[in-house]
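Data block below; observations after.
The values are calculated or read from the model by the stated rules, or taken from the named source; none is laboratory data. This structure is a prediction, so every number in the text was calculated from the model and none was measured. Here the Cβ positions follow ideal geometry from the backbone for every residue, glycine too, while neighbour counts run over all protein chains shown.
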Amino acid sequence: MSLVRFATGALGNLKQTAAVAPSSKHLAKAMVEPLRSTARRCVIEFGPGTGVMTREILRCMPADSILLAFEINPQFVDYLRSEIPDERLQVVAAGAETATAELDRRGIANVDAVVSSLGIANMDAAAVDAVFRPLRPYLNPQGAITQFQYFYRIKLDQGRVEYFNTGSLMRRYFSKVRSTRVWLNFPPAYVITCRGALTDVSPAHG
Ligand SMILES: C[S@@+](CC[C@H](N)C(=O)[O-])C[C@H]1O[C@@H](n2cnc3c(N)ncnc32)[C@H](O)[C@@H]1O
């Protein structure tokens, strides 16, 4: 995947893209590794971009599985549809917050794993809630959700450094949250792995 392709797609909306370059293969492998200990019949990806995680997810999925990838950038949607011709991959040109509506439309009641590249630090509380809260009843109890973040305890907002605790945020939705660092990425990133969807989720984070 070319950096140019990613940069061209990202230029229109840097806040939405939340990255200056596609993730490295090392980060993609770390994001997908927790999926190996769960079933992988139905996997959801949020924010596939140019598909570095998508390809890695498909590598570990069985033949009769489905990967629903939600992407809001039309340039990335076109790119994924033309460059990854895999019957298991369904690229949905819609936001992550529409995932459960899409699952209902397809008659899918169980999701085994979610791989999210959303820039959650730059989303407002209601937007994060709209993504993770409705997914809860669909998640396989043994399933895993992975999310990456460049910083674990801060966020950059219009050049200002602000406190933002990724772990606290994800603990609002999941009982087990752990993080690992991936140095071989630009910039280095944390992979946050979440398991055990909570049934009592407060509507917003602080
Ligand atoms: C940080 S980039 C990650 C791209 C790719 N997964 C990677 O790791 O190189 C975030 C991606 O999420 C997409 N995105 C942002 N908000 C979204 C939303 N609400 N629903 C689905 N995709 C979204 C952006 O268009 C972008 O492709």
*Just need a number here: residues in the range 135-149 that are without any contact (Cβ under 8 Å) to a residue 60 or more places away in the chain and within 18 Å of Met31 (Cα to Cα).*
4
*Failed item in (1) over 19 Å from Val182 (Cα atoms); (2) touching a residue at least 40 places away in the same chain (Cβ under 8 Å), with Glu71 passing the rest*: (2)
*Which condition does Ala144 not pass, out of (1) farther than 13 Å from Leu68 by Cα; (2) aliphatic (A, V, I, L, M); (3) assigned to a loop (DSSP other than H, G, I, E, B); (4) away from the ligand (no atom under 16 Å from the Cβ), if it passes all the others?*
(3)
*Please indicate, with yes or no, whether at least one residue in the range 41-63 is within 10 Å of the ligand (Cβ to nearest atom), modelled with pLDDT of 95 or more and more than 16 Å from Leu89 (Cβ to Cβ).*
no
*Do any residues in the range 164-192 that are in contact (Cβ under 8 Å) with a residue 60 or more places away in the chain and farther than 12 Å from Tyr152 by Cα have Cβ atoms under 7 Å from those of residues that are of a type in the set (A, V, I, L, M) and assigned to a loop (DSSP other than H, G, I, E, B), where the two are at least six apart or on different chains, and which pairs are they?*
Phe186/Ala21
*Can you name the residue in the range 78-100 that is among the hydroxyl-bearing types (Ser, Thr, Tyr) and over 21 Å from Asn110 (Cβ atoms) and is also surrounded by the fewest Cβ atoms within 10 Å (Cβ to Cβ) among such residues?*
Ser82
*Of all residues in the range 137-146, count the ones that are more than 29 Å from Ala21 (Cα to Cα) and either at pLDDT 95 or above or surrounded by 15 or more Cβ atoms within 10 Å (Cβ to Cβ) (or both).*
3
*Please work out which residue is surrounded by the fewest Cβ atoms within 10 Å (Cβ to Cβ), limiting yourself to the range 21-34 and to residues that are near the ligand (Cβ under 9 Å from one of its atoms) and more than 13 Å from the chain's Cα centre (by Cα).*
Ala21
*What is the residue count in the range 81-133 for residues that are of a type in the set (Val, Ile, Thr) and over 20 Å from Leu169 (Cα atoms)?*
7
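Condition test on Thr38, is it buried (at least 23 other Cβ atoms within 10 Å of the Cβ) and among the hydroxyl-bearing types (Ser, Thr, Tyr)? Spell out how you get there, then give the answer.
Values: buried (at least 23 other Cβ atoms within 10 Å of the Cβ): no; among the hydroxyl-bearing types (Ser, Thr, Tyr): yes.
For Thr38, the condition - buried (at least 23 other Cβ atoms within 10 Å of the Cβ) and among the hydroxyl-bearing types (Ser, Thr, Tyr) - is not met.
Looking at this structure, is Ala10 modelled with pLDDT of 95 or more and part of a helix (DSSP H, G or I)?
On the way: modelled with pLDDT of 95 or more: no; part of a helix (DSSP H, G or I): yes.
For Ala10, the condition - modelled with pLDDT of 95 or more and part of a helix (DSSP H, G or I) - is not met.
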*Would you be able to say whether some residue in the range 66-76 is within 16 Å of the ligand (Cβ to nearest atom), surrounded by fewer than 24 Cβ atoms within 10 Å (Cβ to Cβ) and in a strand (DSSP E or B)?*
yes
*Enumeration of residues in the range 160-194 that are among the charged types (D, E, K, R) and within 16 Å of Phe148 (Cβ to Cβ)*: Arg178, Arg181
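This table checks each residue for (1) out of contact with any helix residue (DSSP H, G or I) (no Cβ under 8 Å at 6 or more places or on another chain); (2) assigned to a loop (DSSP other than H, G, I, E, B); (3) modelled with pLDDT of 95 or more.
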position	(1), (2), (3)
Arg81	yes, no, yes
Glu87	yes, yes, yes
Val91	no, no, yes
Thr98	yes, no, yes
Asp112	no, no, yes
Leu118	no, yes, yes
Phe148	no, no, yes
Tyr152	no, yes, no
Gly167	yes, no, no
